[in-house]
Structures are given as C-alpha cells and as structure tokens.
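Just so it is clear, none of the values below were taken in a lab; they were calculated from the coordinates. Keep in mind that this is a model prediction, so the values were computed, not measured. Cβ: placed from backbone, ideal geometry, glycine included. Neighbour counts: every protein chain shown.
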C-alpha cells in the first residue's frame, strides 16, 4: 500500500461529522481521467446485465459483486484518498464485504412516475432485526464513488436523514407520498466520494434529469461478518499484496482467525503502526 496515503487520513472534522451526521463528503477523490475510465467500465457492466431484465430500459439496476469485473475496480479497494479514512473509522480488523454499482437511467420524458415515498432503509438486512442493542452497532460503512454529476437535485440523488444512524426506527408521515422529516438530497459531483454509516436511513431518488446516475459502492466491515456478495476475487489473489488479500477475505490461519486473528491475518494493523504511528493502532 502506498505510504503517501497517510496524507489523506481521517480528519477530526470528518470524524465529528460522521459521528454526528452519519456521513461526510470528500471532493475530487478521483481525477477526470479515472472518472472517464470507470464510466466506461460501468457502462459495460450495465450493458451486459440490463438486457437480462427484460423491460428494464428505465429501471434502476443494482449490479452486485462488481469488484472482480475489472482490474481498475480493484484499485479502488485501497484508494489513497479514501481508504485511510475507512480504517480511521473502523480500525484495522476490516475487509471488503460488499461491492455494487447502481445505475439510474433518466425517467422517460412525459412519463413521470406517480409521486411516492422513496425506499428508505438501513443497510445490511438481518443485522437490523437480529441485533438486540439500541442503537444498533455500526459494524460497517460504505464509500460511494460518484461517476456522474449529482450536484443538481433531480438526478436520482442519494438521499439521507442526517443523524438518523443512531435511531433504530424513523417516523414516516401518514401520507405515503411524503418522505420523513429532515430528509435531504446529497449533492456530489463526479469524482467525489460519500462516506456513510450503514445505519444511516437513506434512499435513492428518482432521476428526472437527462443523464444516467452512476455510483460505485464499496462496503467495508469487520472481518467476522460474512460477505454480502459472492466475492469473485480469486483471480486477483496471486498479484495482491498482503493488505489487499486481507481486504479481499484471505485468512491464512483459517476460520478461527476471523474472530481471533494472528498477525499474519491482519497485515493492515502493522502497516498502520509503522506508517501512521502506534497511537493509531487501537485494540
């Protein structure tokens, strides 16, 4: 891993906003040429999969397990401008447990859908039912890499209720067309990244614009959580450094090492201690 990434460690302001609001935005994490290259990959994935959806020309599609689809997507796994902020929040005992691409095509002109409430949810499915504490623990976060300009608010924007990550439930208006109080569209430009707590109540908006909204999501969790994807990554392992192998689910000491890891299971821990200082190695 490139030691220059230390210049992009989590700031106190970012930590404070993440703790209080459940998300923050980092601008310009991807250069224009990288955004263009990733857009080509996103278009290819969508073009390969969309015909299987039948009448899905205008449908919002969520393509799962995308990290194995192109070498450039592997580069985002430990991207210097984002990954240090991930371990700054979750620590060193982490993995990639989920990767997906959401493509929201423009809604056809003149055929606007019926006004309805957005699909508000917290991530990770059964975690929000099976865990008995309140508020439920963080366990994971996502980094959303925006490949299209969502600075306007009509582009199927990522919506969130700031501060809702510490609430197990949110109240919805009786009118099913209305979103919860405090809901806001997140405005991000192409090349920006949005970091958000899995517990944050969020939803995708409806794209009334003339461009497709494309966002890559990388979900990081503690290593003891089962991956949410099939994690089709075996073809990468022989050319990955130890930290990438950790992030992609390798565990040299076997199943026991995911809950009681040995040093060879968690090379990220020693790397942080060496390059960022022992005070940043917690636990």
At 7 Å along Cα-to-Cβ for each site, give me the label-to-label distance between residue 126 and residue 37 in nm. 3.9 nm
Can you tell me the 0 to 90 degree angle between the C-alpha axis of helix 267-276 and the longest principal axis of the chain, rounded to 10? 90 degrees
On a 0 to 90° scale, report how tilted helix 32-49 is relative to the longest principal axis of the chain, with both axes built from alpha carbons and the result rounded to the nearest 10. 70 degrees
Got the relative contact order for the chain handy, in percent, Cα pairs under 8 Å and 6 or more residues apart? 28 percent
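Give me the percent relative contact order of segment 58-196, please, defined on Cα pairs under 8 angstrom at least 6 residues apart.
On the way: 145 pairs, mean separation 35.7, N = 139.
After rounding, I find 26 percent.
Highest mean first, what order results for 94-107, 214-227 on Cβ atoms within 10 Å?
In decreasing order of mean packing, 94-107, 214-227 become 94-107, 214-227.
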By how many degrees, 0 to 90 and rounded to 10, does the Cα axis of helix 12-21 deviate from the longest principal axis of the chain? 50 degrees
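For the chain, what does the helix formula give at 222 nm: sum of -39500 (n - 2.57) over DSSP H segments with n ≥ 4, over the residue count, nearest 500 deg cm²/dmol? Before the final figure, lay out each step's value.
Values: 8 runs with 65 residues, N = 283.
So the calculated ellipticity at 222 nm is -6000 deg cm²/dmol.
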May I ask you to derive the relative contact order of segment 144-283, considering only C-alpha pairs under 8 Å and at least 6 residues apart, and to give it as an integer percent? 26 percent
Any chance you could run the full-extension gain for residue 278 through residue 237? It's 0.36 nm times the residue separation minus the Cα-Cα distance, nm to one decimal. 11.9 nm
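Show me the ranking of peptides 158-168, 273-283 by mean Cβ neighbours inside 10 Å, starting with the highest. Could the numbers behind the result be given before it?
Working: 158-168: 19.5, 273-283: 11.9.
So the peptides 158-168, 273-283, ranked by packing, come out 158-168, 273-283.
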Within segment 3-232, the percent of DSSP beta bridges that are antiparallel, given to the nearest 5, stands at 100 percent
